[in-house]
Amino acid sequence: MVERISGKRLDQFLSDYLWVPLGMTHTMFIPELIDRQFCVPTEIDDYIRHRLIQGTVHDENCDLLGGISGHAGLFSSVQDVSKYILMLISGGTYDGHKILKPATIKKFITRQSNNSSRALGWDTNLKFAGSAGKGFSEGSFGHTGFTGTSIWVDPEKRFAIILLTNRVYPNRKKEGIKGFRIRFHESVSSLLSSK
């Protein structure tokens, strides 16, 4: 839909309207070959691609779509992600640039139903049952990725935790990250809340 309305490929649209205005210089869908060595290995794929996945998208569906998709394939750094989160917490403004309207952000992070914790692209901490744990308010929102990454934002308490981990190396059979994320979020948020 973004490509059809804007007339631009998704990565170019995001670069023009989000990444460049936010100064997100290490955020992209398909890292250049020279930059792939700086990406952590994701998985030793013994199922479809039969090789080490490093610097290319892990998600098989996104890979089949050429590595650019709305649901997967994005590479970034904690510095760039923090700029994005600061913009969201600041009502859509970053470094004097208006990126998003507050109403747009509210629409993205509002639960779609009282029966689910899901918002548009985000999860929420409904009844403290999400991976954010009990240290975040119920108004917090976040995202957890299949490979182990997570972002949780508490606009009420004005802090966020960005955790860039990899649970699928060397393979995806490990599930320990789920419990670890909650313990990590609760520990860090308790330290931040006590200040």
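The values are calculated or read from the model by the stated rules, or taken from the named source; none is laboratory data. From a predicted model like this one, the values you see are computed outputs, not experimental measurements. Methodologically, a virtual Cβ is constructed for each residue, glycine included, from the backbone with ideal geometry; neighbour enumeration extends over all protein chains shown.
Summary of computed values
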{"read-out": "Of residues in the stretch 136-164 being in a loop (DSSP other than H, G, I, E, B) and small (Gly, Ala, Ser), the one modelled with the highest pLDDT", "value": "SER140"}
{"read-out": "Subset of the stretch 5-52 that is among the polar types (S, T, N, Q) and within 16 Å of GLN79 (Cβ to Cβ) - its residue that is farthest from the chain's Cα centre (by Cα)", "value": "THR25"}
{"read-out": "Sole residue being over 19 Å from PRO155 (Cα atoms), surrounded by fewer than 16 Cβ atoms within 10 Å (Cβ to Cβ) and of a type outside the set (A, V, I, L, M), chosen from THR25, THR110, THR104, THR56", "value": "THR25"}
{"read-out": "Tabulated pairs, the stretch 133-157, first on the phi > 0 side of the Ramachandran plot and in contact (Cβ under 8 Å) with a residue 24 or more places away in the chain, second among the aliphatic types (A, V, I, L, M) and surrounded by fewer than 24 Cβ atoms within 10 Å (Cβ to Cβ), C-beta under 6 angstrom, 6+ apart or interchain", "value": "GLY133/ILE182; GLY148/ILE177"}
{"read-out": "Residue match in the stretch 122-132 (condition: under 30 Å from VAL57 (Cα atoms), among the acidic types (Asp, Glu) and assigned to a strand (DSSP E or B))", "value": "yes"}
{"read-out": "Tally of residues being out of contact with any His (no Cβ under 7 Å at 6 or more places or on another chain) and surrounded by fewer than 21 Cβ atoms within 10 Å (Cβ to Cβ) across the stretch 122-147", "value": "12"}
{"read-out": "Residue in the stretch 102-112 that is without any contact (Cβ under 8 Å) to a residue 12 or more places away in the chain and over 23 Å from GLU138 (Cβ atoms) present", "value": "no"}
{"read-out": "Residues that are assigned to a helix (DSSP H, G or I), among the hydrophobic types (A, V, I, L, M, F, W, C) and out of contact with any strand residue (DSSP E or B) (no Cβ under 6 Å at 6 or more places or on another chain), drawn from the stretch 88-114", "value": "LEU88, ILE89, ALA103, ILE105, PHE108"}
{"read-out": "Output for the stretch 68-87, where each listed residue is hydrophobic (A, V, I, L, M, F, W, C), within 13 Å of the chain's Cα centre (by Cα) and in a helix (DSSP H, G or I)", "value": "VAL78, VAL81, ILE85"}
{"read-out": "Extreme residue, modelled with the lowest pLDDT, among residues of the stretch 165-195 that are among the hydrophobic types (A, V, I, L, M, F, W, C) and under 21 Å from GLU43 (Cα atoms)", "value": "ILE177"}
